[in-house]
Number of protein chains: 2
Amino acid sequence: MDNLLKYIRSLTSFSDKSWELLQAALTTKVFKKRELLLKEGQVCNSLFYIDNGYCKSYYEIDGVIKNTGFFFENEITTNINSFGNGQKSEFNIVACEPSKVIIFDKHKLFQATKQANEIETLGRNCIRLFATKQEEFGTLFKLYTAQERLEYLETKHPEILQRVSLSQLASFLGVARETLSRIRKRRTLG
Amino acid sequence: MDNLLKYIRSLTSFSDKSWELLQAALTTKVFKKRELLLKEGQVCNSLFYIDNGYCKSYYEIDGVIKNTGFFFENEITTNINSFGNGQKSEFNIVACEPSKVIIFDKHKLFQATKQANEIETLGRNCIRLFATKQEEFGTLFKLYTAQERLEYLETKHPEILQRVSLSQLASFLGVARETLSRIRKRRTLG
DNA sequence: ATAATTATGTGATGATTATCACAGGTCTGA
DNA sequence: TCAGACCTGTGATAATCATCACATAATTAT
């Protein structure tokens, strides 16, 4: 829980009392590799804080897996649309490594929110960070070619390249794995 | 202001008192076509609620304009990263038609937030909607081809096609305008 | 340990797309 | 209203990418 408290206090002022109230909404779970945090068709009633390990979100379309996001330590992942509107999730979230995850229960969180305004502010800031990340990666596709997208990750998010395999990354970058392999080869030579 | 109040109340319960407190953070401005709401290099200290008209966000890279979002009536636009972290904006937001915009001032909004918890909740919900939209459009590029992205807009967001020119849309869809013209031709025939 | 699975590299080929060039249509402001 | 600015369509060509096929690591499970 120590990491989470530091994370929270990096976002907003948070009294010991707020922290105590928040506990009612939290549970910790260790997910095995390939275990699902969220399954397609379910309603997402949780925010998932990743204490260690990492996860990815992916769609499965006509049997083909399309990765849409990677989430590492000290990040929160969720299906923001499902969480906010109660609609069924169209994608999955899965642990890519054994991962210790702190789960925020939506309904208990909203109850805690009523008791401490700091928790409401925390919620706003978590969603803000999530929105920022979505915007950042969504923009990549409009601005850059596949090769430039790879270079962007190399510069701004090297941790992704270190931990995610080429095949997994290709799907995220929107190119075939063979293409990414060739892009990488061109780059290490030229 | 009537549209805005309806919009707010569609998101969260909002008392007349909260509405009155919120007024201190609001100003209304009519932007001419091509007038900038936010300029690259500026810090974004506002949320922009579009009462009528529409706007787009765009990057200008090596003299080439890349559209990253379109925003219509009853939507809020901003640079969420600049607004939240105080960093300089890397993109512009411009009125594509004469547009009546209600501007939420960040600092005054935060003051109002301290006086009414409903305003904090409103803020969280506005950011949530923004995040949902970012996720939706970011995902398009990972899941679909250019033609499928066009079909998605035709189905889910026909208002964009009705109001945005082909050239402007091509940039948003990440293809050359000639390519979008040909995709459209293929579709209307086949 | 070793068999099975998963990941990566690479060639060949066809499909898709970007880019340049140019023509005609539509909008718009002085 | 009329000239300049924008928008759309289309051909030609080169670049990029997806797909299939197969070989060879690397990893994983029993």
Suppose a student asked you for the relative contact order of chain A, using Cα pairs under 8 Å spaced at least 6 residues apart; what percent would you report? 25
Kirkwood hydrodynamic radius, segment B:1-116, all distinct C-alpha pairs: what's the number in Å? 14.8
DSSP loop trypsin sites (Lys or Arg not before Pro) with at most 13 other Cβ within 10 Å excluded, longest remaining stretch of chain A: A:40-190
As a test of the formula, what do you get for chain B when each DSSP H run with n ≥ 4 contributes -39,500 (n - 2.57) and the sum is divided by the residue count, at 222 nm and rounded to the nearest 500 deg cm²/dmol? -16000 deg cm²/dmol
Per 5 Å bin from zero, what fraction in whole % of the C-alpha pairs of segment A:25-87 is there, up to the bin with the longest pair? 4, 16, 25, 29, 19, 7, 1, 0
Quick one: length gained pulling B:SER15 to B:ILE103 fully straight, 0.36 nm per residue minus the C-alpha distance? 29.6 nm
If you average the C-alpha positions of segment B:44-67 and of segment B:146-187 separately, how far apart do those two centres end up, in angstrom? 19
Nm distances between copies for A:ASN3, ranked from closest, using label points 7 Å along Cα→Cβ: 4.5
Convex hull of the protein assembly as shown built on C-alpha atoms - directionally averaged projected area, nm²: 19.7
Compactness relative to 2.2 N^0.38 Å, alpha carbon Rg of segment B:118-190: 1.35
Enter the angle in degrees (range 0 to 90, nearest 10) between the Cα long axis of helix A:146-156 and the first principal axis of the Cα atoms of chain A, meaning the one along which they spread out most. 50
Mind checking the dipole of segment A:61-160: about its Cα centre, +1 per Lys or Arg Cβ, -1 per Asp or Glu Cβ, Debye to the nearest 20? 440
With axes computed from alpha carbons, what is the tilt in degrees of helix B:117-143 against the longest principal axis of chain B, rounded to the nearest 10 within 0 to 90? 10
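Rule-based calculations on the coordinates, nothing more; no lab input. Fair warning: this is a prediction, and the values are worked out from it, not measured in the lab. Please note: Cβ atoms are built from the backbone with ideal geometry, for glycine as well, and neighbour counts cover all protein chains shown.
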